[in-house]
1. Does Glu69 meet the test of being open to solvent by 20 Å² or more (accessible area, probe 1.4 Å), over 13 Å from the mean Cα position of the chain (by Cα) and in contact (Cβ under 8 Å) with a residue 60 or more places away in the chain?
2. Would you mind stating whether Arg59 is under 15 Å from the mean Cα position of the chain (by Cα) and surrounded by fewer than 21 Cβ atoms within 10 Å (Cβ to Cβ)?
3. So which residues in the stretch 160-189 are of a type in the set (A, V, I, L, M, F, W, C) and buried (at least 23 other Cβ atoms within 10 Å of the Cβ), if there are any at all?
4. Only one of these is of a type outside the set (Asp, Glu) and more than 28 Å from Pro191 (Cβ to Cβ): Arg153, Arg81. Name it.
5. Inside the stretch 127-139, can you point out the residues that are more than 15 Å from His80 (Cβ to Cβ) and open to solvent by 90 Å² or more (accessible area, probe 1.4 Å)?
6. May I ask you to verify whether Asn251 is modelled with pLDDT of 85 or more, open to solvent by 20 Å² or more (accessible area, probe 1.4 Å), at positive phi and not in a strand (DSSP E or B)?
7. With respect to Glu140, determine if the residue is under 30 Å from Phe272 (Cβ atoms), at pLDDT 90 or above and among the charged types (D, E, K, R).
8. Output the residue which, of all residues in the stretch 199-222 that are of a type in the set (Ser, Thr, Tyr) and not in a strand (DSSP E or B), is nearest to Glu44 (Cα to Cα).
Amino acid sequence: MTSSRTIVKAVRAIAQAEGAGAVVKRSIGSSSLRSLSPFLMLDEFAVGKDAGFPDHPHRGMATVTYLLEGQFEHEDFAGHRGKLGPGDLQWMIAGRGIVHAEMPVVTKGGVTPRGLQLWIDLPEAEKDCEPDYQEQSAQEISTAHPSEDVEIRVISGESHGVNGKVRHKGGCHYYDIRLKSPTSSVFQTIPQGWTAFIYTLTGSLQIGDQTHPASTTLVLSSQVGQDGVEIKAAQAEGETRFVLIAGEPLNQPVVQHGPFVVTSRAKVIEAFRDYQFFQNGFERAKGWANRSFCILPSNQHVSAYMSPSHDEHEKEKIHRVEYPAIASQEDMKAHRLPLAYRDLCSKHLITLNQCRKAEYFLPWKCHAEKEDWEICQYKDFLRRMRKATRLRAEAKEDGSGPIPLLDTVRTLNAVKAAERNQED
């Protein structure tokens with residue numbers, strides 16, 4: 001006899017800024033649902049032109065990108081490059097370290113790329129593995145039809161005699177389920193003791209006596225004897241679509257700083273050191289920048305990729321990392337900052353930690369043929385400088401007062417001159 005799980009928590013996904021000009025709807029990983037082992041984050045994204053997720057690192061985790069509409073391109077420092085279309089999947093194990101970029105393909109009159117990205121913690125024993133990809137096109141994903149009006153795309157796991165092809169390092173099942181009529185229902189088995197949740201995409205669904213609309217994460221109970229969940233459609237017309245995801249909880253500490261997910265504060269510091277010095281998994285990051293995505297040629301400063309709500313971690317006592325002060329040009333070089341950034345920072349004695357707290361970054365490269373893009377980015381640079389100035393004034397670390405601001409022309413000239421010297 002089967003016993004259905006129930007809903008223990010419902011969290012509406014909230015829109016927030018992420019990456020470069022992108023907006024995502026986040027549920028897992030937000031202040032409302034910070035911890036759900038082994039899951040770290042769930043975003044529903046719809047990314048238009050001139051936005052995306054430029055060069056950024058990962059360590060100790062997996063990312064699962066499932067595209068619902070449109071097209072997305074990706075590239076990493078190992079030369080892995082490709083394009084996802086509607087219904088395609090990329091399951092990336094970051095392991096000991098990877099740097100990659102994910103950008104939308106938007107054509108005039110085309111569909112805005114929309115999809116889901118899930119971050120999954122890796123078991124501690126697997127965090128040092130080599131990066132790995134499992135990719136499936138829409139046609140390659142196995143499909144189950146338990147009834148005429150129910151369709152289940154089995155990405156990972158088993159459903160009604162159909163097995164998914166993805167194998168995660170640690171237990172994880174992933175299903176895309178469509179209830180095609182108002183009277184549709186389905187029972188999906190889930191391993192007992194596993195963490196499980198549903199994210200609603202379209203329509204509304206019912207579990208027990210509770211009904212929930214789209215863009216809601218429903219955390220399911222996990223009691224002894226509950227071997228699955230029964231879901232019913234709950235709208236008068238149209239289909240209900242949702243993903244059901246389950247994973248084996250990990251009995252290990254979670255210390256996360258943005259895209260680095262490890263098990264101790266010391267290992268977070270080690271991850272930043274490895275990334276900054278191109279070692280222990282990040283050797284191929286040296287000199288690498290994606291070849292075709294030009295919004296931010298190479299965002300080497302992890303904090304610029306953080307969400308604005310990242311400071312909420314402090315309130316919940318999740319570990320954060322403090323960075324050393326920058327006192328000389330040699331210190332600048334040791335922290336792999338571009339020449340222009342080194343020159344400007346050394347003149348005004350800005351500490352690396354203040355710059356990161358200000359989410360300050362400068363594009364790693366400039367493209368002379370993209371003047372409008374450059375000017376836009378340097379205006380953003382000035383805005384971030386002002387924010388750093390405010391932080392500097394508040395900190396008063398050496399009593400030297402606020403950092404002098406540079407106007408746009410001087411900034412452009414200084415940066416371009418530094419880059420010309422670097423090329424020479």
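1. Details: open to solvent by 20 Å² or more (accessible area, probe 1.4 Å): yes; over 13 Å from the mean Cα position of the chain (by Cα): yes; in contact (Cβ under 8 Å) with a residue 60 or more places away in the chain: no.
Spelling it out, it is not the case that Glu69 is open to solvent by 20 Å² or more (accessible area, probe 1.4 Å), over 13 Å from the mean Cα position of the chain (by Cα) and in contact (Cβ under 8 Å) with a residue 60 or more places away in the chain.
2. Details: under 15 Å from the mean Cα position of the chain (by Cα): yes; surrounded by fewer than 21 Cβ atoms within 10 Å (Cβ to Cβ): no.
Spelling it out, it is not the case that Arg59 is under 15 Å from the mean Cα position of the chain (by Cα) and surrounded by fewer than 21 Cβ atoms within 10 Å (Cβ to Cβ).
3. Taking the stretch 160-189 and keeping what is of a type in the set (A, V, I, L, M, F, W, C), we get 162, 166, 172, 177, 179, 186-187.
Residues satisfying the conditions are Cys172, Ile177, Leu179, Val186.
4. On the way: Arg153 fails: more than 28 Å from Pro191 (Cβ to Cβ).
It is Arg81.
5. The answer is Asp128, Gln139.
6. On the way: modelled with pLDDT of 85 or more: yes; open to solvent by 20 Å² or more (accessible area, probe 1.4 Å): yes; at positive phi: no; not in a strand (DSSP E or B): yes.
Criteria not met by Asn251.
7. No; evaluated as a whole, the condition is false for this residue.
8. If we filter the stretch 199-222 for residues that are of a type in the set (Ser, Thr, Tyr), which is where we start, we get 199-200, 202, 204, 211, 215-217, 221-222.
Narrowing the set further to residues that are not in a strand (DSSP E or B) leaves 204, 215, 221-222.
Numbers: Ser204: 17, Ser215: 8, Ser221: 23, Ser222: 25 Å.
Checked the stretch 199-222; the qualifying residue nearest to Glu44 (Cα to Cα) is Ser215.
The values are calculated or read from the model by the stated rules, or taken from the named source; none is laboratory data. Just so it is clear, the structure is predicted and the values come from calculations on it, not from any experiment. Virtual Cβ from ideal backbone geometry, glycine too; neighbours counted across all protein chains shown. Accessible surface areas use protein heavy atoms only, side chains included; no ligands, DNA or RNA. Shrake-Rupley method; radii C 1.70, N 1.55, O 1.52, S 1.80 Å.
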